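Visitor: One structure coming up, written as structure tokens, with questions to follow.
Just so it is clear, none of the values below were taken in a lab; they were calculated from the coordinates. Given the structure is predicted, the values throughout are model-derived calculations rather than measurements. So basically every Cβ, Gly included, is an ideal-geometry build from the backbone, and we count neighbours across all protein chains shown.
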Ligand SMILES: *Cc1c(COP(=O)(O)O)cnc(C)c1O
């Protein structure tokens, strides 16, 4: 390591969503069910609109709209609609290059340059811990129930009271990834009583699939932030657009710490087009929910396997045997899922993909508890 580089970075690895190990043979069909995207690309007519925007509307030599004004207004309308509200405005919205950027901005705004830590409940979305580590911010980890994956709020409360560096942010995913459970009333009650020296970040990346939101809290709680993304239900993972809904005060802080032109013009247009056509795009939700119910039912019948109920567009399950081995067997069969948190997180795909997922699981698990 060069002496000019921070020594702690020597142990880091660059983020990679899909593993690159060698397979004995290449499966004929590979189903990408490890990153929780929507299984469907944008409809042709919307792709045409986006192409037109690229060819005719966007001047390539000009910087994007750095203030995000029109997009924020459209997001505010959707945020209101999502919670039967009328009072969320553009002043409550900040836009990021994926919600990952907003997570980093929140870390910069709370912890960088002074002592401070963040709290997460494992297993959960890895990006909070990864981004915190790159900024030198300690991560306090508390467990979840092995039965329901509800957060151990007593442990969380105790951790906040005893943490060496003050906990400045609590990150919760609603519903959680990888375990697919929405926040319970008890968890929400605990989060709501946290004092304003702790920022509460509710990551609602999967809101459209759960239809459960805490967004109304931002109107009365100055330390409450909801983050969402266009990468999942809105089918724009390629464009990297996320947003936050929070008090105007915190929104202004996020605007101060973000990069000036963080959202490329085409991404900006893609989010506008997706919102303008949200009714059509979100018809996919009913299909995902129906497939989720069908897949869940079928998975409860698998031998040597436990699956949990889901409020998201994925299912979480654990085999009686080694999950790594089942993960590998599925990969050899062409079903790519995420091995994480001691289990497998399986995205709901198209009906055909889901059928293959079930067949491959059945085949693997019938061979034994580790699926090999
Ligand atoms: C997929 C996902 C996101 C989305 O991140 P982007 O950077 O907006 O693509 C955020 N949070 C969680 C928990 C996710 O699973």
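Visitor: For residue 329, state whether it is in contact (Cβ under 8 Å) with a residue 12 or more places away in the chain and closer than 21 Å to residue 237 by Cβ.
Guide: No; evaluated as a whole, the condition is false for this residue.
Visitor: Specify which of the listed residues (168, 228) is in contact (Cβ under 8 Å) with a residue 24 or more places away in the chain and within 23 Å of residue 75 (Cβ to Cβ).
Guide: Unique residue meeting the criteria: 228.
Visitor: Also, I was wondering about something else. Taking segment 9-28, which residues are in contact (Cβ under 8 Å) with a residue 60 or more places away in the chain, more than 11 Å from residue 336 (Cβ to Cβ) and away from the ligand (no atom under 16 Å from the Cβ)?
Guide: 9, 12, 24, 25, 28 - these are the residues of segment 9-28 that are in contact (Cβ under 8 Å) with a residue 60 or more places away in the chain, more than 11 Å from residue 336 (Cβ to Cβ) and away from the ligand (no atom under 16 Å from the Cβ).
Visitor: Now a separate question. Does residue 79 count as more than 16 Å from residue 254 (Cα to Cα) and within 16 Å of the ligand (Cβ to nearest atom)?
Guide: When the stated conditions are applied, residue 79 passes them.
Visitor: Let me ask something additional. Within segment 105-126, can you find the residues that are within 10 Å of the ligand (Cβ to nearest atom) and surrounded by 22 or more Cβ atoms within 10 Å (Cβ to Cβ)?
Guide: 124
Visitor: For the condition in contact (Cβ under 8 Å) with a residue 40 or more places away in the chain and within 14 Å of the ligand (Cβ to nearest atom), what is the one hit in 263, 254?
Guide: After ruling out the rest, the residue left standing is 263.
Visitor: So residue 83 clears everything in (1) on the phi > 0 side of the Ramachandran plot; (2) surrounded by 16 or more Cβ atoms within 10 Å (Cβ to Cβ) except one condition, right? Which one?
Guide: (1)
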